[in-house]
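Remarks on the structure that follows.
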Amino acid sequence: MNAIAGDRTVDRWLAALLLLGAWACYLPLGTKYITIVPAALCAALVLWRHRHVQRLQAAPGLWASVALLGALALSAAWSPAPWPLIGSHLGQYGLLLLVPLIGTACPPAVARRALRHFMLASAIVGLLFVLAAADLLPAAPLWRTTIDAEGNQRIATSILLALAATLALQTGLQAAAAPRAFWLLAAVSCAAGLALQDRRSGMLLLPLLLVAWTLVRQPGAWRRLGLLVAIVLAALAASQFADGVRGRLAEGVAELRQYKADDHVATSWGQRLRMWQLTGAMVQERPLAGHGVASWRGLWQERVTPGTALAAHSTPHNEYLLLAQQAGGIGAALWLWLLAEGLRQAAIRGAAGLPSLLVWTTIAWTGLFNAVLRDTKFSLPLILLAALALAASRPDDNRIGRQTP
């Protein structure tokens, strides 16, 4: 009886931490850690008590993550970076293992509930952007990781809003009559907040997620074609008639047209192009094995003019290039394997796998413009959501002993 009570206590703690983690996606970074790391410990305890090591070994993406971490760890042998920095980088990349760990231990019903909490939190954040645009939101420190966020945290909020809008739309369309309107309104709130914030990443991500949802989940070629046309028309309308969307996209196009390949470039997209060019040159220097984990920052400082805005960056804002620079073509191939495994497993699980499909599409897209694994502002919420989506794709069973991976 004591063992059963202990199991139930751990299960309750795991559920509570994951629900809090869903809200922490929009809270300060420390809050994310104090919910996700204890949740991982509870998940490990659940699997150990039920002797489900084999279940974990069969979890989608586990071996791709292990192989990628192994390649990065091996590259430490030739990295010029100091060992504390190497250890920090490996720890950040090691967070990938939380996806199969939590995704295997979390009951599907708890995972679906946590995903709904994430959608609700996102709808509230979207509403805050609406209120701020109408000058109805008082200034307060509470908004510093949402409305008043800066830098990559602001980009992460944009990306999470796009993901939540698509999840809420799908949830509303699948729901019974009573909660359907609630979730569709939540999707509208997320989309409105996305249009009113000033980061382009989420604006460009939302149509991509809607296309993925249409191609995978909609029956019949004509229905898919009709929805794709509707998505394109809606995106064009937003780019023309939504002032914030139109202005930010026009600004990005202007930055690309005015780009000059020198270290004094100051625009957002211009700096990204310069970082990609110089990082690509690093990759060409050691295309197979790379320069070693955590080596980018030091090599970057050697290649840019000190004191410029460009010199202040700590990543090239592209996970594909960053992994290729550190672990060469081997590391890049393992990263692509991990992405392909996540998308493949999501696709074969049908409707239950749609949240996974959307989360992994978000990770793949975000990695093109940001260090989605290296920067924990992105990786912690997306890894948690990937784990919840993996758990939600499994068949329902209240007893973990009967759950399938």
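Residue-by-condition table, conditions (1) within 30 Å of D396 (Cα to Cα); (2) not hydrophobic (A, V, I, L, M, F, W, C):
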residue	(1), (2)
W83	no, no
I86	no, no
H117	yes, yes
R154	no, yes
Q170	yes, yes
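Quick one: would you say L343 is modelled with pLDDT of 90 or more, surrounded by fewer than 24 Cβ atoms within 10 Å (Cβ to Cβ) and touching a His at 6+ places or on another chain (Cβ under 9 Å)? No. Just one of the listed residues (L196, L160, L208, L184) is under 23 Å from R113 (Cβ atoms), of a type in the set (A, V, I, L, M) and buried (at least 18 other Cβ atoms within 10 Å of the Cβ), and it is L160. You will find that of P60, P38, the residue that is in contact (Cβ under 8 Å) with a residue 24 or more places away in the chain and touching an Asp or Glu at 6+ places or on another chain (Cβ under 9 Å) is P60 and no other. Reported count of residues in region 1-31, each being over 19 Å from R113 (Cβ atoms), surrounded by 15 or more Cβ atoms within 10 Å (Cβ to Cβ) and either at pLDDT 95 or above or more than 21 Å from the chain's Cα centre (by Cα) (or both), is 1.
Only one entry in V359, V372 is modelled with pLDDT under 95 and crowded, with 24+ Cβ neighbours inside 10 Å, namely V372. Among residues belonging to region 204-240 that are touching a helix residue (DSSP H, G or I) at 6+ places or on another chain (Cβ under 7 Å) and among the charged types (D, E, K, R), point out the one that is modelled with the lowest pLDDT. By that ranking, first place goes to R217.
The values are calculated or read from the model by the stated rules, or taken from the named source; none is laboratory data. Just so you know, these numbers come straight off a predicted model, no measurement behind them. Because the Cβ atoms are built from the backbone with ideal geometry, glycine has one as well, and the counts that use them run over all protein chains shown.
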